[in-house]
Amino acid sequence: MKIATRINSFFREGDRDLKRVLARFSEIGLTHVDLNYPEHVSGIDAEAMKGLLNGYGLTLNGVALRFREKFINGELGNADTEVARSALKLCHEACDYCRIAGGDTVTIWLGFDGFDYSFQIDYDRVFRQLVHQFQDICDYAPDLHISIEYKPFQERSYAFIDSMGLVSWIVSSVDRKNLGVTLDYCHMLMKHENPAMAADLFGARGKLFGIHLNDGYGTMDDGLMVGMSTPVKTLELLYYLKKHGFDHTLYFDTFPVIEDASDECRQNIETLRLLLKALDSVGEKKIQQVIDSNDAIQSAVLVRELFCAMGR
């Protein structure tokens, strides 16, 4: 099982020592690392980063773009062509870094491509521009997985790529084999989506490139520990990941603030293992039979059996 967690959760006030965090990851038992680009790689070239990770027994899963400063009014879809070109260049650089450092996935979350007011953006122009930009990135790095992470709002009141429907339309319009989707559990709850539905639809089509596991209450990006708010939905999501042979990294995108980051991560790992054990105990054949029955009573019986299986 490939597992990673959020580096920023392990940074302390005034202490952003990446080596200390990687050593902690190794102690906890994580296998992979996701780096924010460029914030986590400043001063460390890609070859040096690969060696650093290897030294701690870790592998780079990929890099996630982080746009700041001049991009706060839009990134790849910015109406200012120079700013949009700069965002594209940053994506190219991230691809180069990811490849050399040993990763295979570049995750792009466009937190600022969106709007706050009516009459603020030309929606069709932004859509067409994003399609063109993603085509460029995919063609620039055909050997890498280019994965779009969507979120309904934050940083803007309305994100442009806000849902499984819009991201599906983007992926279809771009029409590149190496473009897919990263699903963030909390983001889907915020959009009132069922995470398992998205995992089934994208997984069945070979377009599921990333999973961010966490939990929340649906009104904001809570980043709670896995399975603590909606364990049944989490179980269903994991079932479809197993069904479709998801073999990318499971990334804990959780936000321990009061909690010790190491202890919190260990809880995520243990909960994940427990949920997967329950699914294995009941078995895919029986679970699929219940799904095929389209019977809510049988679903309730299955949920109880899955919970009971955790105690065995």
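The values are calculated or read from the model by the stated rules, or taken from the named source; none is laboratory data. Quick caveat, the model's predicted, so the values are computed rather than measured. Here the Cβ is made from the backbone with ideal geometry for all residues, glycine too, and neighbour counts use every protein chain on show.
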State the number of residues belonging to segment 29-59 that are in contact with a Ser or Thr (Cβ under 9 Å, 6 or more places away or on another chain) and of a type in the set (A, V, I, L, M). 4
Quick check on segment 44-77: of everything there that is in a strand (DSSP E or B) and touching a helix residue (DSSP H, G or I) at 6+ places or on another chain (Cβ under 7 Å), which residue is surrounded by the fewest Cβ atoms within 10 Å (Cβ to Cβ)? 59
Of the residues in segment 69-92, those that are free of Cβ contacts under 8 Å to residues at least 24 places away in the same chain and at negative phi come to 70, 80, 81, 82, 83, 85, 86, 89
Mind checking which pairs have a first residue in segment 6-23 that is touching a residue at least 60 places away in the same chain (Cβ under 8 Å) and under 20 Å from residue 37 (Cβ atoms) and a second that is among the aliphatic types (A, V, I, L, M) and part of a helix (DSSP H, G or I), Cβ under 6 Å, 6 or more apart or different chains? 9/261; 10/21; 10/261
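Within segment 1-25, track down each residue that is under 12 Å from residue 58 (Cβ atoms) and either touching a helix residue (DSSP H, G or I) at 6+ places or on another chain (Cβ under 9 Å) or assigned to a loop (DSSP other than H, G, I, E, B) (or both).
Scanning segment 1-25 gives 2, 3, 4, 5, 7, 18, 19, 21, 22, 24, 25.
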With the checklist (1) of a type in the set (Val, Ile, Thr); (2) part of a strand (DSSP E or B); (3) surrounded by fewer than 21 Cβ atoms within 10 Å (Cβ to Cβ) in hand, flag the one item residue 108 doesn't pass. (3)
Selection within segment 192-214 - in contact with a helix residue (DSSP H, G or I) (Cβ under 8 Å, 6 or more places away or on another chain), without any contact (Cβ under 8 Å) to a residue 40 or more places away in the chain and within 20 Å of residue 107 (Cα to Cα): 198, 201, 202, 207
Return the only residue of 250, 274 being surrounded by 14 or more Cβ atoms within 10 Å (Cβ to Cβ) and closer than 18 Å to residue 147 by Cβ. 250
Quick one: residue 116 ticks every box in (1) loosely packed, with under 15 Cβ neighbours inside 10 Å; (2) of a type outside the set (A, V, I, L, M); (3) in contact with a Lys or Arg (Cβ under 8 Å, 6 or more places away or on another chain); (4) without any contact (Cβ under 8 Å) to a residue 40 or more places away in the chain bar one, so which box is it? (4)
Verdict on residue 155 being within 22 Å of residue 240 (Cβ to Cβ), among the charged types (D, E, K, R) and in a loop (DSSP other than H, G, I, E, B): no
Quick check, is residue 52 under 20 Å from the mean Cα position of the chain (by Cα), without any contact (Cβ under 8 Å) to a residue 40 or more places away in the chain and more than 18 Å from residue 126 (Cβ to Cβ)? no
Which residues, taken from segment 216-237, are closer than 12 Å to residue 186 by Cβ, out of contact with any Pro (no Cβ under 9 Å at 6 or more places or on another chain) and not β-branched (Val, Ile, Thr)? 216, 217, 218, 220, 221, 222, 224, 228, 229
Which residue pairs have Cβ atoms under 6 Å apart, sit 6 or more places apart or on different chains, and have a first residue in segment 233-250 that is over 16 Å from residue 280 (Cβ atoms) and at pLDDT 95 or above and a second that is buried (at least 17 other Cβ atoms within 10 Å of the Cβ) and of a type in the set (A, V, I, L, M)? 249/4
Could you tell me whether residue 59 is in contact with a His (Cβ under 7 Å, 6 or more places away or on another chain) and at pLDDT 95 or above? yes
Meets criteria (part of a loop (DSSP other than H, G, I, E, B), touching a strand residue (DSSP E or B) at 6+ places or on another chain (Cβ under 8 Å), at pLDDT 95 or above and not polar (S, T, N, Q)) for residue 41: yes
Do the conditions hold for residue 95, that is, is it part of a helix (DSSP H, G or I) and more than 29 Å from residue 197 (Cβ to Cβ)? yes
Answer yes or no: is there a residue in segment 219-226 that is surrounded by fewer than 16 Cβ atoms within 10 Å (Cβ to Cβ), in contact (Cβ under 8 Å) with a residue 60 or more places away in the chain and on the phi < 0 side of the Ramachandran plot. yes
